[in-house]
1. For every helix of n ≥ 4 consecutive DSSP H residues, a contribution of -39,500 (n - 2.57) applies; sum these over the chain, divide by its total residues, and give [θ] at 222 nm rounded to the nearest 500 deg cm²/dmol.
2. What do you reckon, how do K129, K71, K272 stack up by accessible area (1.4 Å probe), largest on top?
3. Going by a ≥ b ≥ c, the root eigenvalues of the Cα gyration tensor, does segment 88-182 fall in the rounded group (a/c under 1.5), the prolate group (a/b larger than b/c) or the oblate group?
4. What residues qualify as long-range amide H neighbours of Q100, i.e. H under 5 Å apart, gap of 5 or more or another chain, H built at 1.01 Å from N?
5. Can you classify segment 1-147 as rounded, prolate or oblate using the Cα gyration tensor, where a ≥ b ≥ c are the square roots of its eigenvalues, rounded means a/c under 1.5, and otherwise it's prolate if a/b beats b/c and oblate if not?
6. Whole-Hz ³J(HN,Hα) for each residue in segment 171-176, computed from phi via Karplus 6.51 cos²θ - 1.76 cosθ + 1.60 with θ = phi - 60°, x for glycine and proline: what do you get?
7. With every protein chain kept in place and ligands, DNA and RNA left out, what is the accessible area per residue of the chain? Probe 1.4 Å, answer in Å².
8. Carbon-plus-sulfur fraction of the accessible area of segment 1-150, 1.4 Å probe, in percent?
Amino acid sequence: MKTLEGAVMPVSKEPYLKRMNLYSKFAIFAGFVAVAMVFNNPFSQLPILLICLALCMAAGIKVKALLNTVKTVVSIFMILLVFSALIYNTNSAHHEIAKQVYFILFKTSFMTVSLTSGGILMGLNFIIKMMIMILAANLFSQTTTVEEMLFGLNRIGLPYQIGLMLSISLRFIPTLTKEVEQIQQAQKSRGASTKRNKKGGKRAVVQGIIPLFVPMIVSSMRRSDTMAMSMTSRGYGFSNKRTQLFDIKFRFAQLLFCLADICVVAACIYIKRKYGIGVL
């Protein structure tokens, strides 16, 4: 890209989703969550999941980071699938594919526990819904800077002290994680171990974890003291009226995004009620 004088202007290599307005990115996030809540059929949820995954890839989010996020909730997915498969009421099913009963574990006057096809599909529906929400949340958080989030929180009326506290907490999570790893490596080099052995068992695990708290607390207190002095030297808290470095305005493009969100959600609700698409 060249100017009239012939000078070459630097072209941003960041993905377009990262350069979008804060309101537009939040509209995309809210749209995915709203559409996911409309449908109750996993077959109707799959295209939404694939579109959300494609946007995450287009935004430059690594597959490894997404997998690490999903790993933390795999146990919740399994619990949802088992409970839904066993407690689903086939009388509420609208399609024959969801009314099939494989076997009955036990039956009482007020409750029937049985494995049904509708229960399995409902469990998969819950899992895909959570996956869409997780991917949409990652898409929003990975493409939005801390400054933009802080500006949005201030715009909705949240006091800047709380917004700053949240931003600092998010900022130092990776730092604390690296510090824990460094302390563990230092302790291992001195003969300490956090693994379970035959002699100590669980007691050895606890004894290996407890020494982590003392250096972590000391380093956290030192870091908070340094940050407090730096904030005081910069005049933080002198006035309740704060100025913003970034001024993110709600323009016509953001209005179009919001209207598109409303139209898409309304169309999904109409299709579900009119044609039964997305109903289990």
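The values are calculated or read from the model by the stated rules, or taken from the named source; none is laboratory data. As the structure is a prediction and not an experimental result, all values here were calculated from the model. Cβ sites come from the backbone with ideal geometry, for glycine too, and all protein chains shown count toward neighbours. Protein only, heavy atoms only, side chains kept; ligands, DNA and RNA dropped before computing areas. Shrake-Rupley method; radii C 1.70, N 1.55, O 1.52, S 1.80 Å.
1. After summing the helix terms and dividing by residue count, I get -22500 deg cm²/dmol.
2. Ranked from most to least accessible, the order is K71, K272, K129.
3. prolate
4. Those lying under 5 Å, H to H, from Q100 are S117, G118.
5. It comes out prolate by the Cα gyration axes.
6. Values per residue, Gly and Pro as x: 5, 9, 4, x, 5, 5 Hz.
7. 69
8. 70
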